[in-house]
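Asker: A single structure is presented below for examination.
The values are calculated or read from the model by the stated rules, or taken from the named source; none is laboratory data. Values in this document were obtained by computation on a predicted structure and should not be read as measured data. Note that we place each Cβ from the backbone using ideal geometry, even for glycine, and neighbour counts take in every protein chain shown. Side chains included, ligands, DNA and RNA excluded: accessible areas come from the protein's heavy atoms. Shrake-Rupley method; radii C 1.70, N 1.55, O 1.52, S 1.80 Å.
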Amino acid sequence: MKSNFLETLEQYYFDRDDFVQAFKKVFTTDEIIDIEVECGCNKNYDNFLLHRYDDEFYIIHRDSGTVINWYKHLGRTNTCNKNGLTLVDLHEFLSLLKDDMTE
């Protein structure tokens, strides 16, 4: 029997363009590149962990366990482990990450 909690996440949780625009509203192009580089270094911030596995990039919020993921490049595909997370929530998530990165 397979647990429902171990099912593969839905691809394109957010509309592709909306996902990219959410990042661009909060981060500059250089900051987005920094995020991708720091994912490769498994960067730890006070509230976030940036991680990369192969061509997949992960941003993990420690306290809530919320995970945002994308494959190869920002607009390719995306997943989220919290069903019901909205674009407003994504904006808050990314804004908190930016604050954490600048402290």
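Asker: What residues qualify as long-range amide H neighbours of TYR13, i.e. H under 5 Å apart, gap of 5 or more or another chain, H built at 1.01 Å from N?
Answerer: Under 5 Å from the amide H of TYR13 lie the amide H atoms of ASN78, THR79, CYS80, each far enough along the sequence or on another chain.
Asker: Roughly how many Å² is the accessible area per residue of the chain, as a whole number, for a 1.4 Å probe?
Answerer: With the other protein chains kept in place, the chain gives 63 Å² per residue.
Asker: Cα axis of helix 87-102 to longest principal axis of the chain: angle in degrees, 0 to 90, nearest 10?
Answerer: The answer is roughly 50 degrees.
Asker: Related question: Using a 1.4 angstrom probe on the protein heavy atoms only, line up CYS41, CYS80 by accessible area, largest first.
Answerer: Order by accessible area, largest first: CYS41, CYS80.
Asker: With unit charges on the beta carbons (Lys and Arg positive, Asp and Glu negative) and the dipole taken about the Cα centre of the chain, which residue among THR77, LEU90, THR66 sits farthest to the positive side?
Answerer: Highest projection toward the positive end goes to THR77.
Asker: Hey, got the dipole for the stretch 58-103? About the Cα centre, +1 on K and R Cβ, -1 on D and E Cβ, debye to the nearest 20?
Answerer: For this selection, approximately 340 debye.
Asker: For helix 29-40, report the angle its Cα long axis makes with the longest principal axis of the Cα atoms of the chain; keep it between 0 and 90° and round to the nearest 10°.
Answerer: Roughly 60 degrees between the two axes.
Asker: Report VAL67's accessible area, 1.4 Å probe, all protein chains in place, as a number in Å² to the nearest 10.
Answerer: My reading of the accessible area for VAL67 is about 30 Å².
Asker: Still on this structure: Total Lys pairs in the chain closer than 21 Å by alpha-carbon, pairs eight or more apart in sequence or interchain only?
Answerer: For the chain, the number of qualifying lysine pairs is 9.
Asker: To the nearest 10 degrees, how steep is helix 16-26 against the longest Cα principal axis of the chain, on a 0 to 90 scale?
Answerer: 30 degrees
Asker: So what's the gap between the Cα centers of the stretch 1-53 and the stretch 85-103, to the nearest angstrom?
Answerer: Cα centres, the stretch 1-53 to the stretch 85-103: 11 Å.
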